[in-house]
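Worksheet for the structure shown next.
Every number here is computed from the coordinates shown, using simple stated rules; none is lab data. Only a predicted model underlies this, so the values are computations on that prediction, with no experimental measurement involved. Cβ placement follows ideal geometry from the backbone for every residue including glycine, while neighbour counts extend to all protein chains displayed.
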Amino acid sequence: MKKLGITAVLVLLLAVTLGPAGAGAAADHQLTVVNASRDTVTVALIWSGGGVEPIKLAAGETHEGVVPAAIDSVKVTANGHCRQATQTFNPQRVNRATVDCKGDTYAIQLAMTKPAY
């Protein structure tokens, strides 16, 4: 827990330091994680210097997450009743990760969905 607290403080200090200068920066990346399996799955998003606490998703449940704009490589892992799966991707090219259990192993399908206009 100390690492998480230190990381949060450092991120806050960086945000305060950049202030309005960071306002013109690229927007963070939205990521949707979908559990398409029949059971609960625990999903974690990890990137250099941070990540998201593991999230438990019930069957059919969806989670909306945010990845900082400066990050170009994210690892998503899925754990549960099937064997663990790990997939690495660029959040600039992917905004949806679907987790499903195929046989006895999780499969993570990555996709870029088009926004509705």
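List of remarks:
- Val99 among the aliphatic types (A, V, I, L, M), without any contact (Cβ under 8 Å) to a residue 24 or more places away in the chain and surrounded by 18 or more Cβ atoms within 10 Å (Cβ to Cβ): no
- All positions within the range 37-47 that are more than 12 Å from the chain's Cα centre (by Cα) and farther than 15 Å from Gln84 by Cα: Arg38
- For the range 97-106, the set of residues classified as among the charged types (D, E, K, R) and part of a strand (DSSP E or B) consists of Asp100, Lys102, listed by residue number.
- Residue satisfying condition, being in contact with a strand residue (DSSP E or B) (Cβ under 8 Å, 6 or more places away or on another chain), buried (at least 18 other Cβ atoms within 10 Å of the Cβ) and within 18 Å of Thr42 (Cα to Cα), within set Ala85, Ala107: Ala85
- Among (1) surrounded by fewer than 17 Cβ atoms within 10 Å (Cβ to Cβ); (2) among the aliphatic types (A, V, I, L, M); (3) part of a loop (DSSP other than H, G, I, E, B) - the single one Val94 does not satisfy: (1)
- The range 35-90 - residue that is assigned to a loop (DSSP other than H, G, I, E, B) and of a type in the set (Ser, Thr, Tyr) and, of those, farthest from Met112 (Cα to Cα): Thr40
- Looking across the range 27-56 at every residue that is more than 12 Å from Val76 (Cβ to Cβ) and among the aliphatic types (A, V, I, L, M), the one that is surrounded by the fewest Cβ atoms within 10 Å (Cβ to Cβ) is identified as Ala27.
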